[in-house]
Amino acid sequence: MEFIDLKTQYQHIRDQVHERIDRVLSHGQYIMGEEVTELEGRLSDLVEVKHAITVSSGTDALLLALLALGVGPGDEVITTPFSFIATVEAILLLGAKPVFVDIDARTYNIDPALIAVAITPRTKVIMPVNLFGQCADYDVINEIAERHGISVVEDAAQSFGSKYKTRYSCGLATIGCTSFYPSKPLGTYGEGGACFTHDEELAHKLKLLRVHGEEKRYHHLLMGMNARLDSIQAAILLVKLEIFPQEIDKRMTIAHHYAGLLNNIVQTPYIEAHNESVFAQYTIEVDQRDEVQAFLRRNNIPTAVHYPKTIPGQAAYLSVETKIGKFPVAERAASRVLSLPMHPYLTVADQESVRDALRQCNMGKAA
């Protein structure tokens with residue numbers, strides 16, 4: 001059983017992938033080639049946002065978004081303590097201070113009710129994370145941000161293709177950022193990411209920032225970085241976009257089937273009624289996680305823990321002044337979450353094997 005089955009996906013699109021890559025190799029425009037321009041148009045149309053700016057990774061997308069908004073030393077960015085480390089790396093690399101507020105116990109996303117009290121005169125940005133494929137509550141978050149005159153950056157590294165009410169992820173904030181890491185619902189065969197915005201000025205700045213702030217050859221208007229998406233990765237994404245809607249449907253079907261199988265055995269994912277999740281992970285909660293994970297491993301069922309520690313609890317940040325209060329909900333989630341196999345090619349038989357193994361765990365046979 002595969003945790004994420006990229007090999008089967010590749011077999012479905014092999015000929016198209018090779019054709020697209022051969023085209024890049026033939027024209028030789030390996031950086032910022034025509035595939036990048038084509039991809040940005042396709043992404044913009046899909047998300048229904050005016051501007052899509054492809055970049056070299058999801059981490060760089062966050063960094064560029066904060067740069068474009070002028071975040072720097074002395075500024076504060078409100079975010080979640082329960083996410084991948086890249087969320088906070090981008091803040092700290094610019095000399096700003098992460099201000100953590102706890103998460104909602106059901107969705108694992110930032111709790112909007114806690115944001116307002118964390119705002120100070122130094123708050124520059126609110127950066128929610130759409131964890132496991134489900135969007136945070138952006139109507140509430142954007143209203144708080146507008147009231148205080150601050151920007152919102154949507155960390156949509158795990159939610160590209162999902163919906164919040166009638167709108168698509170990456171189009172829910174001042175700037176939306178996503179990742180095309182191979183394991184994401186839409187992934188390259190390397191690294192990649194994108195920023196999205198309706199704002200013309202921000203789009204222009206993002207395009208400059210990803211190429212060393214260069215307006216024309218050797219004329220630099222801004223202090224930028226090298227954050228371009230290469231043409232071969234863009235070509236691969238163009239192929240994968242053709243099957244992306246069908247793969248999202250399959251993910252949702254598999255998640256629905258998992259819920260039916262596991263509902264009386266473990267705590268299954270909660271999805272808000274107004275949300276559509278792409279289930280970048282299918283994450284349950286269990287007691288005695290280490291024992292359950294070991295038992296599943298012995299039964300050839302791969303799992304992962306997203307994430308075993310909160311960000312403020314990571315060794316790299318113990319000496320960094322970041323904390324506001326404690327994060328009991330995030331800390332509890334970090335001790336209990338377990339991600340199961342999830343990909344569009346997961347079979348019913350595999351899901352039933354997962355159910356059977358978890359049921360045995362509940363019956364005390366995991367030791």
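The values are calculated or read from the model by the stated rules, or taken from the named source; none is laboratory data. Everything numeric in this text was worked out from a predicted model, so none of it was measured. Glycine also receives a Cβ, built like all others from the backbone with ideal geometry; neighbour counts cover every protein chain displayed. Heads up: the accessible areas ignore ligands, DNA and RNA and are worked out on the full protein's heavy atoms, side chains in. Shrake-Rupley method; radii C 1.70, N 1.55, O 1.52, S 1.80 Å.
So here's what we get for this one:
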read-out	value
Alpha-carbon centroid distance for the pair the range 91-120 / the range 128-169, whole angstrom	13
Tensor-based shape of the chain (alpha-carbon gyration tensor, a/c under 1.5 rounded, otherwise prolate or oblate)	oblate
Rounded to whole Hz, the Karplus (6.51, -1.76, 1.60) HN-Hα couplings of the range 93-104, x for glycine and proline	4, 8, x, 8, 10, x, 10, 8, 10, 6, 9, 6
Sequence-distant residues sharing a close amide H with residue 103 (under 5 Å, placed H)	111, 329, 330
Per-residue ³J(HN,Hα) for the range 14-26, Karplus 6.51 cos²θ - 1.76 cosθ + 1.60, θ = phi - 60°, Hz, x for Gly and Pro	3, 4, 5, 4, 5, 4, 5, 5, 4, 5, 5, 4, 6
Residue-span extension gain [residue 298 to residue 37] - 0.36 nm each, minus C-alpha spacing	89.3 nm
Peptides 172-183, 34-45 ordered by average Cβ neighbours within 10 Å, highest first	172-183, 34-45
Fluctuation leader among 145, 61, 157 - the chain, Gaussian network, Cα springs under 10 angstrom	145
Computed label-point distance, nm, for sites residue 318 and residue 85 using a 7 Å Cα→Cβ extension	1.4
Backbone HN-Hα couplings from phi across the range 219-232 [Karplus 6.51/-1.76/1.60, Hz, Gly and Pro as x]	10, 10, 8, 10, 7, x, 7, 8, 9, 8, 8, 7, 5, 5
Relative contact order for the chain, counting Cα pairs under 8 Å that sit 6 or more residues apart, in percent	22
Amide H within-cut-off set for residue 55, under 5 Å, with H built and near neighbours excluded	193, 194, 195, 229
230, 5, 22, ranked by accessible area, largest first (probe 1.4 Å)	22, 230, 5
Most mobile listed residue (153, 101, 305) in the chain, GNM with C-alpha springs under 10 Å	305
Amide H within-cut-off set for residue 267, under 5 Å, with H built and near neighbours excluded	285
Three-way shape label, the range 94-237, alpha-carbon gyration tensor, a/c 1.5	oblate
Members of 165/207; 50/163; 124/326; 124/184; 163/309 lying beyond 24 Å, as alpha-carbon distances in this model show	165/207; 124/184; 163/309
Residue 243-residue 183 pseudo-label distance in nm [points 7 Å out on the Cα-to-Cβ vector]	2.0
Potential extension, residue 291-residue 347 segment - 0.36 nm per residue separation minus Cα distance	17.7 nm
Helical contribution to [θ] at 222 nm, DSSP H n ≥ 4, -39,500 (n - 2.57), averaged over the chain, rounded to 500	-12500 deg cm²/dmol
Percent RCO, i.e. relative contact order, over the range 179-323, from Cα pairs under 8 Å lying at least 6 residues apart	14
Residue 165-residue 223 FRET efficiency (beta carbon distance; Förster radius 51 Å; 0.05 resolution)	0.85
Pairwise label distance in nanometres, residue 139 with residue 23, each label 7 Å out on the Cα-Cβ vector	4.1
Sites residue 113 and residue 201 - FRET efficiency at Förster radius 41 Å, r taken between beta-carbons, to 0.05	0.80
Accessible surface of residue 298 - all protein chains present, 1.4 Å probe, nearest 10 Å²	140
Carbon/sulfur fraction of accessible area - the range 42-159, other protein chains in place, 1.4 Å, %	54
Tensor-based shape of the range 237-363 (alpha-carbon gyration tensor, a/c under 1.5 rounded, otherwise prolate or oblate)	oblate
